[in-house]
Amino acid sequence: MNGDRMPDTARQLSGGSSGSPILLGGILIGGRSSRMGTCKATLRLPSGETLLDHALGCLQPHCDEIVISAADASQVEGSPLKIVIDEEKFLGPASGVAALLREAESLRADAVLVLSVDLPRLRPSDLQPLVDAWCCDPQHLACGSFGDSLPQPLVAIYPTRYVNDVSAVAASSQRGLLRWLRNRPHQRIALRPQAGCDVDTPQQWQSFISMMSALVVIPCVLWNDAFAFNEANHLIFGHATYIVRQCLPVDLPM
């Protein structure tokens, strides 16, 4: 993707003429990013794309339309995507999820796939098991889980029928979505653990960028140094390539 402009939006809502459930994609960027010091959506990957570009690319294969949930439109100024403003700014992600559900309701979508913007290792294919599970049971919540037993409320599919419930959570003194999710019937879908690594501070971001650079170089060095590409070298190269496949935010060809 061109790092200087946002890509086009995904397919427009078709009204469900095919009979299949309609899924809205929602990118959450509404936090203060106080620890990062700048809006995380605008951080650029080595490829030149922003984290907002990256999140959009992850959602596009799965969603009929994609919108942004933000506390302020200036956070993503210039984006061609529709921006849904949180009614209660900077009061936690429940407010953003509630705004996305209201947007899904207005578009007559069946559910919204909520995705936090700060997951640079996530790939489009990581979301496929989540979408498949929801398509089999579209009336219930489907939540991703990254290597532990906890459902992840910011990588989850919320059926539109929960709009009032989530709005009530957002308006309450206890706005935790995780507590609310635990008390609701939901599917918990195990996703690739590395995909759930988020970035919250400049140090974490710099560490991720440094790791990306190193992971790209390691297999190339091993290949160039393998003058006699024997079985041992083949195993080392294969192991390094496996590590790269697990950590990079793209699917590499076999």
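Taking a ≥ b ≥ c as the square roots of the eigenvalues of the Cα gyration tensor, segment 23-112 is oblate, since a/c reaches 1.5 or more and a/b is not larger than b/c.
Summing Lys, Arg as +1 and Asp, Glu as -1, what charge do residues with Cβ under 13 Å from the Cβ of residue 26 carry, residue 26 excluded? Residues close to residue 26 contribute a combined charge of -3.
With a simple spin-label model that places each label point 7 Å from the Cα along the Cα-to-Cβ direction, the separation between residue 128 and residue 183 comes to 3.7 nm.
Relative contact order, whole percent, for segment 61-207 stands at 27, derived from Cα pairs under 8 Å and 6 or more residues apart.
A 1.4 Å probe run over segment 136-219, with the rest of the protein chains in place, finds 49 Å² accessible per residue. Among residues other than residue 120 whose Cβ falls under 13 Å from its Cβ, what is the net charge (Lys/Arg +1, Asp/Glu -1)? For residues surrounding residue 120, the net value is -2.
Along the Cα-to-C-beta direction of residue 174, a point sits 7 Å from the Cα; which residues of segment 128-153 have their amide N less than 18 Å from that point? What the label zone holds, given the 18 Å backbone N cut-off, is 151, 153.
What FRET efficiency comes out for the pair residue 207/residue 165, r = Cβ-Cβ distance, R0 = 51 Å, nearest 0.05? Could the numbers behind the result be given before it?
Details: r = 37 Å, r/R0 = 0.73.
Here the calculated transfer efficiency is 0.85.
What percentage of the solvent-accessible surface of segment 14-168, computed with a 1.4 Å probe over protein heavy atoms, is contributed by carbon and sulfur atoms? Walk me through the numbers on the way to the answer.
Details: 2780 of 5820 Å².
Result for segment 14-168: 48 percent of the exposed heavy-atom area is carbon or sulfur.
The values are calculated or read from the model by the stated rules, or taken from the named source; none is laboratory data. No experiment lies behind these values; they were computed from the predicted model shown. Counting neighbours? That spans all protein chains shown, and the Cβs are built from the backbone with ideal geometry, glycine included. Ligands, DNA and RNA are excluded from the accessible area calculation, which covers all protein heavy atoms including side chains. Shrake-Rupley method; radii C 1.70, N 1.55, O 1.52, S 1.80 Å.
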